[in-house]
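A short worksheet on the structure shown next.
The values are calculated or read from the model by the stated rules, or taken from the named source; none is laboratory data. Note that the structure is a prediction, hence the values are computed from the model and not measured. Don't worry about glycine lacking a Cβ; one is built from the backbone with ideal geometry, like all the others, and counts go over all protein chains shown.
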Amino acid sequence: MLEKNKMDHQPKQILVTQPFAPSAGQYMKYVKQILDNRWFTNDGPLLKELTERLKEYLGIPYLLIVNNGTSALQLAYRVKGLTGKKAVTTPFTFPATSTALEWQSASPVLADIDQHSWNLCAKSAEKILLRSNADAIVPVNIFGMPCDMAAFDKLGKEKKVPIIYDSAQAFLSKFEGRSIFHYGDIHCISFHATKLFHCVEGGALTFNNREDYERAKRMINFGIDEKGHVPEPGINAKMSELHAAMGLCVLDELPNLIEQRESVISNYKKQLQNEVEFQFTNYDSYTPPMYMPIKFSSEQTLLSVSEKLNYSGYQARRYFYPKNHNFLASESLTQLSINNDVSNKVLCLPLMHDLSDKHVKAISDIVKGCLI
Ligand SMILES: *Cc1c(COP(=O)(O)O)cnc(C)c1O
């Protein structure tokens with residue numbers, strides 16, 4: 001009994017993030033509908049509803065929902081014919097960006113990142129594209145912050161290579177006032193539970209070209225077309241009705257979640273301004289409240305902050321460390337000096353819609369306490 005009480009008094013660890021959970025009643029309303037319908041997957045009515053609502057929300061014509069963000073990447077690479085070819089991408093990203101390339105028998109070639117946005121640098125990408133004779137560019141909108149999309153659009157047109165964005169973290173990002181999905185050729189999105197908008201597991205592709213959309217639509221259903229023919233092989237990347245139901249529940253709550261998370265971020269920024277570096281762009285962009293990354297002046301400081309936070313029950317996370325690209329030749333990484341600097345010094349602080357002011361203050365105080 002005593003043991004149990006002791007456990008109860010131990011503070012709960014605050015994780016780096018936690019998903020929004022709808023009430024059981026809200027979710028069960030949809031589950032009952034699914035059971036009554038006896039339609040569980042294969043482009044069901046809830047998936048159709050979710051697709052229509054997201055298209056309207058984003059103002060885009062070609063949106064294809066799939067089972068996860070990694071499938072979205074694999075499909076995009078496949079649709080753009082990258083098998084056996086090379087693609088220039090960033091080292092500062094989640095491993096899926098480049099492991100999905102390898103999985104399609106394509107080779108990632110790494111270029112350096114920009115020192116403020118921490119995204120693939122268009123100038124470095126151009127240099128590496130020419131040097132390696134690559135066939136595509138895969139920029140990532142890291143932590144939801146848009147790349148310099150005008151520069152990548154220009155580069156794609158000039159060099160006649162497709163621009164495929166890993167926008168897994170950038171579902172609601174904007175470049176110069178418009179949804180980022182208007183730029184480039186294809187965007188790959190993740191609706192994983194750790195993302196701001198989620199379906200437990202899920203993802204989507206957006207296209208700026210009807211043929212690419214039609215082809216991917218066939219590919220996610222074994223390659224079968226509307227007449228029942230199979231012009232080329234596909235896979236099964238369909239989203240189930242149970243996952244779509246979660247998406248519909250989260251979508252209802254999304255404006256509130258964004259408002260709450262934006263207030264947590266502005267609270268953090270107030271406490272930490274002039275103390276640490278934040279990610280930023282020199283162009284007009286909107287970054288949704290996806291993550292709370294900060295950059296320290298040294299890795300040593302990052303390590304001591306991390307340790308102190310952990311001791312006080314707060315989990316902070318180095319997302320892209322240790323390096324993701326162990327399977328690539330290590331010499332290709334050593335020359336990427338900005339990436340090597342940034343990836344050693346960036347830490348993400350806990351961020352979720354219901355993180356209280358008290359916790360933000362406590363976390364910020366711990367951070368500041370390590371800077372002296
Ligand atoms: C989450 C994420 C992915 C993978 O998406 P899943 O839905 O988990 O498969 C890919 N790239 C980036 C940058 C991500 O953050």
Worksheet item: Can you tell me which of LYS86, LYS154, LYS123 is of a type in the set (D, E, K, R) and buried (at least 17 other Cβ atoms within 10 Å of the Cβ)?
Response: LYS86
Worksheet item: For the stretch 88-112, which residues satisfy the criterion of being closer than 19 Å to ALA122 by Cα and among the charged types (D, E, K, R)?
Response: ASP112
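What do you reckon, is ILE128 of a type in the set (Val, Ile, Thr), on the phi < 0 side of the Ramachandran plot and either away from the ligand (no atom under 12 Å from the Cβ) or in contact with a Gly (Cβ under 6 Å, 6 or more places away or on another chain) (or both)?
On the way: of a type in the set (Val, Ile, Thr): yes; on the phi < 0 side of the Ramachandran plot: yes; either away from the ligand (no atom under 12 Å from the Cβ) or in contact with a Gly (Cβ under 6 Å, 6 or more places away or on another chain) (or both): yes.
So ILE128 fits the description; yes.
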Worksheet entry | Failed item, numbered, when SER263 is tested on (1) more than 16 Å from the ligand (Cβ to nearest atom); (2) under 18 Å from GLY144 (Cα atoms); (3) in contact with a Gly (Cβ under 6 Å, 6 or more places away or on another chain); (4) of a type in the set (Gly, Ala, Ser) | (3)
Item to complete: Restrict the check to the stretch 194-204 and report whether at least one residue is over 17 Å from LEU58 (Cβ atoms), under 11 Å from the mean Cα position of the chain (by Cα) and surrounded by fewer than 20 Cβ atoms within 10 Å (Cβ to Cβ).
Response: yes
Worksheet item: Which ones in the stretch 26-80 are under 14 Å from ILE186 (Cβ atoms), more than 16 Å from the ligand (Cβ to nearest atom) and in a helix (DSSP H, G or I)?
Response: VAL79
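Regarding ALA100, is this residue in contact (Cβ under 8 Å) with a residue 60 or more places away in the chain and within 16 Å of the ligand (Cβ to nearest atom)? Break it down into steps so the answer makes sense when it comes.
On the way: in contact (Cβ under 8 Å) with a residue 60 or more places away in the chain: no; within 16 Å of the ligand (Cβ to nearest atom): yes.
Answer is no for this residue.
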Worksheet, complete the sentence: Considering residues that are of a type in the set (A, V, I, L, M, F, W, C), under 28 Å from the mean Cα position of the chain (by Cα) and surrounded by 13 or more Cβ atoms within 10 Å (Cβ to Cβ), the number found within the stretch 29-47 is 3
Worksheet entry | Unmet requirement for ASN221, which otherwise passes all of (1) polar (S, T, N, Q); (2) within 22 Å of the chain's Cα centre (by Cα); (3) under 28 Å from LEU35 (Cβ atoms) | (2)
Worksheet item: So, in the stretch 244-262, of the ones that are closer than 14 Å to GLY25 by Cβ and of a type in the set (D, E, K, R), which residue ends up surrounded by the most Cβ atoms within 10 Å (Cβ to Cβ)?
Response: GLU253
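Return yes or no: is TYR286 touching a residue at least 40 places away in the same chain (Cβ under 8 Å), surrounded by 14 or more Cβ atoms within 10 Å (Cβ to Cβ), aromatic (Phe, Trp, Tyr) and within 30 Å of LYS86 (Cβ to Cβ)?
no
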Fill in: Number of the condition not met by ARG218 [criteria: (1) without any contact (Cβ under 8 Å) to a residue 60 or more places away in the chain; (2) within 20 Å of LYS123 (Cα to Cα); (3) not aromatic (Phe, Trp, Tyr)]
(2)
Worksheet item: Among the residues of the stretch 272-283, how many are crowded, with 17+ Cβ neighbours inside 10 Å and closer than 16 Å to ILE366 by Cβ?
Response: 2
Item to complete: Would you be able to tell me the number of residues in the stretch 315-372 that are buried (at least 17 other Cβ atoms within 10 Å of the Cβ), of a type outside the set (A, V, I, L, M, F, W, C), part of a loop (DSSP other than H, G, I, E, B) and at pLDDT below 95?
Response: 4
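Is it the case, given these coordinates, that THR83 is over 30 Å from GLN33 (Cβ atoms), away from the ligand (no atom under 16 Å from the Cβ), at pLDDT 95 or above and not basic (Lys, Arg)? If you could, list the steps in order and put the result at the bottom.
Values: over 30 Å from GLN33 (Cβ atoms): yes; away from the ligand (no atom under 16 Å from the Cβ): yes; at pLDDT 95 or above: yes; not basic (Lys, Arg): yes.
The answer is yes for THR83.
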Item to complete: Kindly indicate the residue of the stretch 198-220 that is touching a strand residue (DSSP E or B) at 6+ places or on another chain (Cβ under 9 Å) and of a type in the set (A, V, I, L, M, F, W, C) and also farthest from the ligand (Cβ to nearest atom) among those meeting that condition.
Response: PHE207
Worksheet, complete the sentence: Pairing a residue in the stretch 55-80 that is without any contact (Cβ under 8 Å) to a residue 60 or more places away in the chain with any residue that is within 16 Å of the ligand (Cβ to nearest atom) and in a strand (DSSP E or B), where Cβ atoms lie under 6 Å and the two sit 6 or more apart in sequence or on different chains, gives LYS55/LEU63
